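What follows is a short report on a single structure.
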Amino acid sequence: MMLDDPFQGAGVLPDTHDGPILEISNLSISFFTRAREIPAVMDFSCSVMPGEAMGLVGESGCGKSTVALGVMQDLGTNGRIVGGTIRYKGRDLASLGADELRAIRGRDIAMIYQEPMASLNPAMRIGQQLIEVPMIHEGISRTQAWARAREMVADVRLPDPERILRSYPHQLSGGQQQRIVIAMALMSKPSLLILDEPTTALDVTVEAAVVDLIKDLGRKYGTSMLFISHNLGLVLETCDRICVMYSGEAVETGAIGDVFNHMRHPYTQALFRSIPLPGADKSARPLRAIPGNFPLPHERPKGCNFGPRCDYFVAGRCDMSDVAMASIAQGDRHQSRCLRADDIDWAAPMVAGAQQTAPEKGDVVLEVRDLKKYYEVAANALFGGGETRVVKANESLSFAARESETLAIVGESGCGKSTLAKVLMGLETATSGEVLLDGSAIQDTPIEARDTRLVSSIQMVFQNPFDTLNPSMSVGRQIIRALEVFGIGASDAERRTRMLDLLDLVKLPRAFAERMPRQLSGGQKQRVGIARAFAGGARIVVADEPVSALDVSVQAAVTDLLMDIQRREKTTLLFISHDLSIVRYLSDRVLVMYLGHVVELGSTDQVFSPPYHPYTEALLSAVPIADTSVAKQRIVLEGDIPSAMNPPPGCPFQTRCRWKAQVPGGLCETQVPPMRRLAEGHDIKCHLAMDVLASMDPVITFAPGA
Amino acid sequence: MAFFILRRTGVMILTALCLTFVVFFLTNLAPNLEKLAKTQGNARMSDAEVTSWLDRNGYGGPLVVRYGEWLGVVPGWVRFDEPTGEWRGRCILRGQSPEDADRFCGLLQGDLGYSTVSNAEVAAIIGGRMALTGVLMFWAFAVMVPTALVIGIMAGMREGSRMDRALSTFSIGTTATPEYVSGVVFIILLASSQTGLSPLLVDWGWLESGTLFLGSARSAMDGVTFWNFTLPVITIAFYGIGYIARMTRASMAEVMTAQYIRTARLKGVRFRTIVLRHALRNALIAPFTVIMLQIPWLLTGVVIVETLFNYNGFGWTLVQAASNNDIELLLACSVVAVFVVLVTQLISDIGYVFLNPRIRIS
Ligand SMILES: Nc1ncnc2c1ncn2[C@@H]1O[C@H](COP(=O)(O)OP(=O)(O)OP(=O)(O)O)[C@@H](O)[C@H]1O
Ligand code: SF4
Ligand code: SF4
Ligand SMILES: [Mg+2]
């Protein structure tokens, strides 16, 4: 082909190299905008040895991706390396010319980023995109490259490689696309693989399988990795070493075991204390939010960047001059950027807040009986007409929720969680079945037909605080609007007082009433959303992934706030989430959904300990846990979640279930299992016999001192 | 797909009916008819004579009925003419007896009527003129589309570069220049023996004598040559180039910032290959629609350019028909124009679907 590049030979780099694969020293990167220079990364050092996996963690905006793009020398038109060096196998990457750089990219260093759909070319077939890599770098023929691509696709455990190679990206599911992106990165067997949040867009069970794959392939090809994530659990599972970033700087780096168990930086400690661990409950290990907010690059404080949020801050010492990275005596190449690393008593237990006793559960507030919601969709969206298909988004759901109770609804994308929320809210009406609020049926009343009392008694907190506030109305106005809609307060003055009370309730300063939404951080916006939801004395609040769009350090604060208000107002909270750690932490009962079905329903303890529904078991195993003392049973689910348009016959989970063989007579493939009662308040939808269920081992076990 | 095309065609026919009725209404306004009567009959007719003339020639009666006759869904008018003692009617040829004539004669029967000015069947006139315009449009497109796409791609592939700024300025310049300005400028610069380039070239001995290009396209009706046809073609193309180029540039610039382009770059693909293999197809999806929708705009350009260069195509005919009050011819021209506009829209919708794999196979 005319377009094919001539073989860009190797030879840019020596073949043998003993030192680190990647050595970043004192790297500083800035972006230049019209208004100012934004220092995104400052004085960042780290090195990756051959075959080693280095984890890079930190909250969004701390500069992780900038480091990765800096290594790739692809910072865009306004980004520039303003100091330090990046050496790859001893060669300074900044000194390479355009041709040399091109020879290294793809062959020596490959990168994978977050959204698989966006990183594949929609107008090119998968095969075409894969074979390009070795054809450019190794000068091999099209047929050879094709054979290599087929091998690689099989290596990333995709079925039917030939068909996959001939498809377009949109014909694959998200998980399959991510595997293709991995295959593409490994086509020329690079020595260094940079992964930028490679699984954030995926569901937990798919994520677990992809992470597993990355680990295996890394071992198989001896690839060094720079693994970027905000999820400490994931880093623990994949990496040998870790580097924690805060506000553009590396604050602590060391071997995984050292940093997880003997952390020497207050930020690392605070980070660990703010995430829930599924092994522990709230009384043993309450969450502790990091106070304050992440500083913007141009608003960093003098001295230690973490100073304003640090519990160990000492005025006159921490705020004097920039803090340098210093070695920690114990541990392997363990370093921390804290002046007081040696003074702090790291073993001191966390100062726990006042213990809250769980409130008494009241009467049943919400009862859902045999609820079904089907959508009719045109089989071919563009041309309309023709036959329609039925998407069974919710399939005979039944459950009840009491006053002051937190019922968690967990499941992966497309399982029907949001549809359920919409039916409750009246945004959709049910296809059949009943939804009873305090005994009266509401399933057929759309939101327009609901009276103010009903509207105010079921409220919602949305996943994305960024879209739900009106950008041109002050915070106070928006809350007052909600009060007006709910018919609360006799006069404007009364509503204003109530609005200020609500701000107190969600722990926002009263002065925020005058602010516009854009002047608020994500966590603060979510607080406004919560204030609005509780404005009318809601009986039920549906929180659809309320914290998943927020940074780790503010998640804890928002979660605690939600629970605090719930306790005070005796509200029933329906907490929709895919994050089992947080579900375990805050909920009283759990409802597990899969493909529109409730597969398990029980108290939190019942659901989190055996016997499990096979899907719950896999879900538990998939959750990354940031605790080195936890041993997990490894259950990798094959394949993707089936499409709700085309569900499998029989048990919805049968395509991926590892217990299926234990059910005699192929029952799983032909019959939808009935809901069965295992214990008081514990139901599962599975054909497995009692003795098989009883033989299940716990997924998560503690190995103290490990 | 078949259903989609069927539905679009249905909507198209409905639109065409509405539009032709509007044109029919406007051309059949009382003053136009009066002018027609006076030119065809006697310039000094009295008002009563005008009315009787119109009545005798089938221009009386309700507008809707006459529209129906013109369409061919209402039987053509038939009446006995006292002064000449003959049967006359819409469908009756001179000397024919009413029994032999067709009952319907309108658009649906392929009968576009009779041009009162050129004394010929409208269908015959339009056919030849359309063919001439077709040739002009073909060449205009052949110049315009490749030029515009190349300019757009080159400008968009490195957004903000000097080349981008230069090409974008050029594009904005061409869209801001109407055909009657650019046409005149081209004639002065390239087709005059007194001014512009031609006398210079003659002085330098590069051109024997005369002009670089011909300022009139009359001779192109018999045979197209580089010399006689370049100016009308580039005048039409000039206006469209800027518009299409700007759309292509926007689309290209957007594609170049996409993640998958970064992926290609980080795979070590060289820039030229990125542009040609990874970006081009994605970048062309949006301009394709624009190119198709450009055809109706070109029709207005055709009117001006054909008049300016005295090329007797469709546009020229339209102008003539309008100024001569040649009602039937004018109506036929509008039908053709409406038809072209609607068909290009249909094509652009279908083409969009074919270019975009995400829509095609879902
Ligand atoms: N308006 C709609 N029309 C057709 N199908 C729909 C509609 N809304 C949802 N669905 C389908 O219903 C199923 C359940 O969707 P739903 O959004 O409730 O899942 P979810 O668990 O909340 O997913 P996620 O976690 O990704 O938000 C999906 O297959 C979805 O495609
Ligand atoms: S230097 Fe001071 S403020 Fe910074 S982390 Fe250490 S103790 Fe906290
Ligand atoms: S019914 Fe069968 S397939 Fe379904 S979860 Fe139980 S064992 Fe697995
Ligand atoms: Mg959802």
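Summary table below
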item	result
Residue ID - nearest to B:Met144 (Cα to Cα), chosen from residues in segment B:233-279 that are under 35 Å from the mean Cα position of the chain (by Cα) and of a type in the set (Phe, Trp, Tyr)	B:Phe238
All positions within segment A:406-459 that are hydroxyl-bearing (Ser, Thr, Tyr) and farther than 29 Å from A:Glu360 by Cα	A:Ser413, A:Thr419, A:Thr429, A:Thr431, A:Ser432, A:Thr445
Segment B:118-137, residues that are outside any strand (DSSP E or B) and free of Cβ contacts under 8 Å to residues at least 40 places away in the same chain	B:Asn119, B:Ala124, B:Gly127, B:Gly128, B:Ala131, B:Gly134
Subset of segment A:186-209 (residues that are open to solvent by 10 Å² or more (accessible area, probe 1.4 Å) and in a helix (DSSP H, G or I))	A:Val204, A:Val206, A:Glu207, A:Ala208
Residue in segment A:613-620 that is outside any strand (DSSP E or B), open to solvent by 10 Å² or more (accessible area, probe 1.4 Å) and either more than 16 Å from ligand 3 (Cβ to nearest atom) or more than 14 Å from chain B (Cβ to nearest Cβ) (or both) present	no
Selection status of B:Trp227, more than 30 Å from A:Ala185 (Cβ to Cβ) and outside any helix (DSSP H, G or I)	no
Residue within segment A:74-97 that is at the interface with chain B (Cβ under 9 Å from one of its Cβ atoms), of a type in the set (Lys, Arg) and open to solvent by 40 Å² or more (accessible area, probe 1.4 Å) present	no
Residue within segment B:159-181 that is open to solvent by 40 Å² or more (accessible area, probe 1.4 Å), in contact with a Gly (Cβ under 7 Å, 6 or more places away or on another chain) and not hydroxyl-bearing (Ser, Thr, Tyr) present	yes
Hits in segment B:265-278 - residues which are within 7 Å of chain A (Cβ to nearest Cβ) and either among the acidic types (Asp, Glu) or outside any loop (DSSP other than H, G, I, E, B) (or both)	B:Arg265, B:Leu266, B:Thr273, B:Leu276, B:Arg277, B:His278
From A:Ser603, A:Ser587, A:Ser643, residue being more than 16 Å from ligand 3 (Cβ to nearest atom), within 26 Å of A:Val461 (Cα to Cα) and either within 14 Å of another protein chain (Cβ to nearest Cβ) or within 20 Å of the chain's Cα centre (by Cα) (or both)	A:Ser587
Residue in segment A:196-206 that is more than 21 Å from A:Asp579 (Cα to Cα) and of a type outside the set (Phe, Trp, Tyr) present	no
Single residue of A:Asp319, A:Asp311 found to be at pLDDT below 90, away from chain B (no Cβ under 14 Å), open to solvent by 80 Å² or more (accessible area, probe 1.4 Å) and within 10 Å of ligand 2 (Cβ to nearest atom)	A:Asp311
Residue within segment A:98-113 that is within 13 Å of chain B (Cβ to nearest Cβ), open to solvent by less than 10 Å² (accessible area, probe 1.4 Å), among the small types (Gly, Ala, Ser) and part of a loop (DSSP other than H, G, I, E, B) present	yes
Tally of residues being farther than 20 Å from A:Ser47 by Cα and either free of Cβ contacts under 8 Å to residues at least 12 places away in the same chain or touching a His at 6+ places or on another chain (Cβ under 9 Å) (or both) across segment A:193-219	4
Scan of segment A:287-308 for residues that are in contact with a Pro (Cβ under 8 Å, 6 or more places away or on another chain), within 7 Å of ligand 2 (Cβ to nearest atom) and touching a residue at least 24 places away in the same chain (Cβ under 8 Å), ordered by number	A:Phe306
Qualifying residues in segment A:587-607 (those that are in contact with a Pro (Cβ under 7 Å, 6 or more places away or on another chain) and part of a strand (DSSP E or B)) - the one farthest from ligand 1 (Cβ to nearest atom)	A:His597
Unmet criterion (only one of (1) at the interface with another protein chain (Cβ under 9 Å from one of its Cβ atoms); (2) assigned to a loop (DSSP other than H, G, I, E, B); (3) open to solvent by 10 Å² or more (accessible area, probe 1.4 Å)) for A:Asn121	(3)
Selected residue (only one of B:Val143, B:Val135, B:Val117 is open to solvent by 30 Å² or more (accessible area, probe 1.4 Å) and either within 30 Å of B:Glu254 (Cβ to Cβ) or not aliphatic (A, V, I, L, M) (or both))	B:Val143
Test: B:Val145 is free of Cβ contacts under 8 Å to residues at least 24 places away in the same chain, aliphatic (A, V, I, L, M) and in the same structural domain as B:Val302 (by TED's automatic domain parsing)	no
Matching entry among A:Ile625, A:Ile635 (being under 27 Å from A:Ser274 (Cβ atoms), more than 16 Å from ligand 2 (Cβ to nearest atom) and either out of contact with any strand residue (DSSP E or B) (no Cβ under 6 Å at 6 or more places or on another chain) or open to solvent by less than 40 Å² (accessible area, probe 1.4 Å) (or both))	A:Ile625
Any hit, segment B:198-211, residues being in the same structural domain as B:Thr307 (by TED's automatic domain parsing), touching a residue at least 24 places away in the same chain (Cβ under 8 Å) and assigned to a helix (DSSP H, G or I)	no
Residue within segment A:171-178 that is of a type outside the set (Gly, Ala, Ser), free of Cβ contacts under 8 Å to residues at least 24 places away in the same chain, within 12 Å of chain B (Cβ to nearest Cβ) and assigned to a helix (DSSP H, G or I) present	yes
Strands (runs of 3 or more DSSP E) (entirely within segment A:374-484) containing at least 2 residues that are within 12 Å of ligand 1 (Cβ to nearest atom) and among the aliphatic types (A, V, I, L, M)	A:388-402, A:406-410
Scan of segment B:290-330 for residues that are of a type in the set (S, T, N, Q) and open to solvent by less than 50 Å² (accessible area, probe 1.4 Å), ordered by number	B:Gln294, B:Asn312, B:Thr317, B:Asn325
Filtered residue count, segment B:123-157, keeping only those that are at pLDDT 90 or above and of a type in the set (Lys, Arg)	0
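Residue by residue, here is whether (1) open to solvent by 20 Å² or more (accessible area, probe 1.4 Å); (2) within 22 Å of B:Val181 (Cα to Cα) holds:
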| residue | (1), (2) |
| --- | --- |
| B:Leu200 | yes, no |
| B:Glu208 | yes, no |
| B:Leu212 | yes, yes |
| B:Gly215 | yes, yes |
| B:Arg218 | yes, yes |
| B:Trp227 | yes, yes |
| B:Pro232 | no, yes |
| B:Thr235 | no, yes |
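The values are calculated or read from the model by the stated rules, or taken from the named source; none is laboratory data. Since the structure is predicted, the reported quantities are computational estimates derived from the model, not experimental observations. Virtual Cβ from ideal backbone geometry, glycine too; neighbours counted across all protein chains shown. Just the protein is used for accessible areas: all its heavy atoms, side chains included, with ligands, DNA and RNA removed. Shrake-Rupley method; radii C 1.70, N 1.55, O 1.52, S 1.80 Å.
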